[in-house]
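See below for the structure under consideration.
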Amino acid sequence: MSDSTKANPGIISPDLLDLLSDAICHAGPGGEIVFANKAMAELTGITREEMRGRPLNFLECPAISSACIGMLLRVIEEAAAGNEVFPFDLSRNGGELEVSPFALKGEGSAKKEDFRGVVFVFRNITGDTVVKRLLMESRQLLDGVFDSIQDGICVLSGDLTIRYVNNVMNSWYSHNLPLEGKRCYEAYHGKASVCEPCPTVRCLTTGKTEKDVVPGPEGSPIEWIELFSYPIRDVRTGQISGVVEFVRDITQRRNAEKALEVSEEKYRLLVENQTDLVVKVDNQGRFMYVSPSYCRMFGKQESELLGSSFEPLIHEEDVEHTRKEMEKLGTPPHSCYLEQRAKTQYGWRWLGWQDTAVLNDKGEIEYVIGVGRDITDRKEAERALYHSHELLKYIIEHNRSAVAVHDRDLRYIYVSQSYLRDYNVIEKDVIGKHHYEVFPDLPKKWKEVHQRALRGEVLSASDDPYYRDDGSVEWTRWECRPWYDIEGKIGGIVIYTEVITEQKNMELELIKAKERAEESDRLKSAFLANMSHEIRTPMNGILGFAELLKEPMIPGERHKHYIEMIEKSGRRMLGIINDIIDISKIESGEVKVSKRPTDIREVLTDVYDFFKPEADAKGISLEMSGKLPGATLETDGDKLYAIISNLVKNAIKYTDHGRVMIGCRTDGGCFEFVVSDTGIGISPDRQKAIFKRFVQADISDRMARQGAGLGLSIAKAYAGLLGGEIGLKSRAGEGSTFSLVLPSGISDN
C-alpha cells in the first residue's frame with residue numbers, strides 16, 4: 001500500500017487511478033497536495049514525489065496558470081464551508097480542461113471537522129486521448145494487455161450486466177463460467193438481487209468513483225478484494241451508461257496491515273530515535289533536551305539551547321508552515337512530519353522532522369519529541385531531477401510489473417516504465433526495434449518461448465533466473481502470451497515480468513540461516529553433553545573424598561591421599577573452567593595481545609617443569625630436544641606459554657607409553673616450536689577436526705578422552721593472534737608432531 005493510500009483511506013488505490021487517462025489530484029483541507037496520479041504528473045510536468053505535501057500553487061505550469069490555481073483554492077474554501085461544488089472549465093495552452101471537483105467528508109458526516117479536502121479530476125476536452133484511439137483501433141490488443149495484468153477488470157452495463165471480464169476474473173470465478181451476460185450479483189455472489197451495500201450501484205447513482213473492500217470468492221484463498229468502480233459516460237449525452245470495475249487481491253496486504261498495526265506503536269519511538277537528531281520541546285516550543293548530534297549540527301552548546309525556542313533557527317519562510325504542521329499534534333494520532341530549512345554551522349540545510357506529542361492525563365500536550373535528519377542531499381537531487389528531464393509518456397498505464405508489447409516481427413510497440421528500469425533500456429532506443437536487437441545475447445530458450453507464444457501458447461514461470469551483462473543474476477516471475485488483432489489473428493506477444501530477486505535471495509538466505517542454526521544447535525548439544533560429564537567427574541571426586549574425610553580415625557596416609565585426590569579434582573575442574581573462559585574471550589574478541597621481550601628458554605623450561613610430574617606419574621618420558629636457543633622474542637609470553645602448554649598437555653593425554661619431546665629452532669628468520677609424541681597418532685581425515693571447538697564432545701570419536709576439547713582450539717586462536725600458525729604431521733598409531741611457527745623479531749642474548 002502506498003503512503004498516500006494509508007494517509008487517505010477515502011482515496012482509491014494509486015495503482016488503479018494510474019490506469020485512468022484523466023489527471024487526478026487530491027488536495028487536503030489546507031490546500032496541500034496529498035496525492036496525484038501519473039496523468040497529473042504528465043499534465044504538469046512535475047513528479048508525484050515533488051507534489052506530495054506542497055501547496056497547490058506548486059502546480060503552476062503552462063497547463064495550469066496561477067489564475068486557475070486561484071479557482072481551485074476557492075473551490076476548496078466553498079467545499080470546506082459545506083457548499084456544493086460544480087464542474088468548471090479551465091483555459092490552457094492549446095485547448096481546454098474540464099475540472100470536476102469532489103469534496104471528501106467522513107461517511108455520512110456533514111461536520112466541518114470531518115472535511116478531508118477535494119479531489120480534482122482534470123479532463124482534456126479538446127480531442128481524443130491516445131488511450132481512446134488505442135481502444136478503438138485494437139480491442140484485441142488491450143485484451144492481451146489486460147489479461148497479462150494481475151488485477152481483475154470487469155465492464156458492466158447500466159443494469160449491472162457483465163459485458164467484459166479479463167482472464168483474472170474468469171480464474172477467480174471459474175465455478176460460474178461464463179461470466180459475461182450475467183448480472184454481477186448472480187455471477188460473483190450467487191444472489192438473486194443487488195448486494196447491499198454496493199459501490200458499483202453507488203457509482204451508477206452518483207456518477208462518482210467509488211471504492212470498497214469486500215470478501216473474496218467463497219472457498220477461495222483470496223480472503224479480501226479491493227473494488228474500484230469508475231463510471232462510464234455516453235460521449236453524446238453525458239449520461240452514465242455503465243461502470244468499469246478494477247479488482248485487486250489484497251489478502252496479503254490486509255494481513256500485513258494487521259501485523260503492522262500491532263507492531264507499529266510498540267516500536268515506533270524506538271525506530272524513530274535511530275535517526276540523526278533528537279530534541280524534546282515543551283508546549284511553547286522551548287528546548288527541554290537536545291542530542292549531542294543536534295548541538296554539533298548547529299555548533300552550539302547544550303546550555304545555549306536549553307530553555308530557548310527552536311523557531312529562531314528556522315528559515316523565516318518556513319516558520320509559518322512549521323507552525324501549521326505542528327498544530328496537527330493536538331489531534332490523533334498526535335504526530336506529524338515536516339520539512340524545513342535551518343541555519344546550521346554548515347550553512348542553510350534542509351531538515352526532515354518526525355514529531356510526536358506526549359500527552360498528560362488531561363489529554364493536553366505535555367511535550368513533543370522530534371526526530372530529524374539532514375535531507376539536503378535528497379532535496380538537491382529532487383531539484384536536479386526536476387530541471388534535468390521530463391516524464392516519459394505512458395501508452396500502457398503504469399503497473400508495478402514490467403510489461404512489453406511486441407508485434408509479430410517481435411518489434412517493440414509499447415513498454416512500461418518498470419520494463420525500462422528493470423532491464424536498463426531507454427524508451428526512445430526501444431520502440432520500433434527488434435527484441436533481439438535490444439538483447440543480442442538472449443538465450444535460446446527465450447527465443448523458443450517467443451515462437452511458441454506466436455503460435456498461440458501462453459507460457460509462464462514462477463521463478464526464473466535472468467543473467468545481466470555484468471554477470472549478476474536477477475530472479476523473475478514472467479508470463480508470455482499472444483495478443484490478437486481485430487480479425488482474430490495473432491498480432492504479436494505481450495511479455496509480463498516481475499523482478500523477485502529480493503524475495504529469492506531472502507529464501508536462499510533463510511536456507512543458509514537454517515543450516516547455521518542446526519550446526520549451532522549440534523555444537524551446543526555436544527558442548528552441554530561434554531561439560532555435563534567433564535564437570536560432574538571432578539565434582540564427584542571432590543564431594544566423594546570430602547565425605548570420606550568426615551570419617552573419624554582416618555590413617556595419615558589415607559587422609560593425605562584423600563586430600564591429594566580433592567586437589568587433583570579441583571585442578572581438573574579449574575582447567576575446564578579456564579578453557580571455557582578463554583574460548584569465550586576469543587569468541588567475543590576480548591583477548592588482548594601484549595608483546596614484550598620474552599626469553600624463549602625460560603618459557604620452555606617453565607612448561608617442562610610444570611608437566612614433568614604429570615608425565616612421570618603416567619610412566620612416560622618428558623624430554624627437551626637438544627640445546628635450547630638463547631634468544632629473546634618480541635611476543636606475548638603468556639599467550640606463547642598457553643600455546644606450548646596446550647600442545648604438551650594434549651601430547652601427554654594421548655601418549656600411553658614412550659616419550660613426549662619439546663624443542664625449538666630458528667628457521668629462515670622465524671621461530672619454530674615443536675612438540676612431538678609417540679602416542680596414538682591422528683588419521684588424516686581427523687587432523688582438521690581436532691582444531692575445532694568441542695570436538696571431544698563427539699561421542700562417535702572412539703579416541704575421545706577426558707577434557708572439554710578446547711585446548712587445541714585455544715592454541716590455534718592464540719597462534720593467529722601472535723601472527724603465527726600451527727602445523728601438524730601425524731599418522732594413526734605412529735605418534736604426532738605439532739609445530740608452532742612465529743614471525744621474526746628475535747635478538748640474540
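General observations
- Scanning segment 430-457 for residues that are among the acidic types (Asp, Glu) and farther than 23 Å from Gly471 by Cβ gives Glu448, Glu457.
- The test for being of a type outside the set (A, V, I, L, M, F, W, C), modelled with pLDDT of 85 or more, more than 41 Å from the chain's Cα centre (by Cα) and open to solvent by less than 40 Å² (accessible area, probe 1.4 Å) holds for Ser157.
- Unmet requirement for Ala453, which otherwise passes all of (1) at pLDDT below 85; (2) surrounded by 14 or more Cβ atoms within 10 Å (Cβ to Cβ): (1)
- Matching option when the condition is closer than 21 Å to Ser416 by Cα and either touching a strand residue (DSSP E or B) at 6+ places or on another chain (Cβ under 9 Å) or at pLDDT 90 or above (or both), among Val499, Val473: Val499
- Looking across segment 190-201, just one residue is out of contact with any Leu (no Cβ under 8 Å at 6 or more places or on another chain) and crowded, with 16+ Cβ neighbours inside 10 Å, and that is Cys198.
- Answer from Lys445, Lys433 - the residue that is surrounded by fewer than 13 Cβ atoms within 10 Å (Cβ to Cβ), free of Cβ contacts under 8 Å to residues at least 60 places away in the same chain and of a type outside the set (Gly, Ala, Ser): Lys445
- Conditions (1) modelled with pLDDT of 85 or more; (2) touching a Gly at 6+ places or on another chain (Cβ under 8 Å); (3) of a type in the set (A, V, I, L, M, F, W, C); (4) under 28 Å from Glu479 (Cα atoms): number failed by Ile232: (4)
- Candidate set: segment 630-658, residues that are without any contact (Cβ under 8 Å) to a residue 60 or more places away in the chain and β-branched (Val, Ile, Thr); chosen: the one surrounded by the fewest Cβ atoms within 10 Å (Cβ to Cβ): Ile652
- Checking each residue in segment 592-629 for being in contact with a helix residue (DSSP H, G or I) (Cβ under 8 Å, 6 or more places away or on another chain), under 23 Å from Thr737 (Cα atoms), of a type in the set (Gly, Ala, Ser) and open to solvent by 20 Å² or more (accessible area, probe 1.4 Å) picks out only Ser621.
- Subset of segment 194-207 [touching a strand residue (DSSP E or B) at 6+ places or on another chain (Cβ under 9 Å) and of a type outside the set (Val, Ile, Thr)]: Cys195, Pro197, Cys198, Pro199, Arg202, Cys203, Leu204, Gly207
- Taken over segment 171-184, the criterion of being over 17 Å from Trp224 (Cα atoms), out of contact with any Phe, Trp or Tyr (no Cβ under 9 Å at 6 or more places or on another chain) and either open to solvent by less than 40 Å² (accessible area, probe 1.4 Å) or assigned to a helix (DSSP H, G or I) (or both) is satisfied by Ser174, His175, Cys184.
The values are calculated or read from the model by the stated rules, or taken from the named source; none is laboratory data. This structure is a prediction, so every number in the text was calculated from the model and none was measured. For neighbour counting, all protein chains shown are included, and Cβ atoms are generated from backbone atoms with ideal geometry for every residue, glycine included. To get the accessible areas, we keep the full protein, side chains included, count just its heavy atoms, and leave off ligands, DNA and RNA. Shrake-Rupley method; radii C 1.70, N 1.55, O 1.52, S 1.80 Å.
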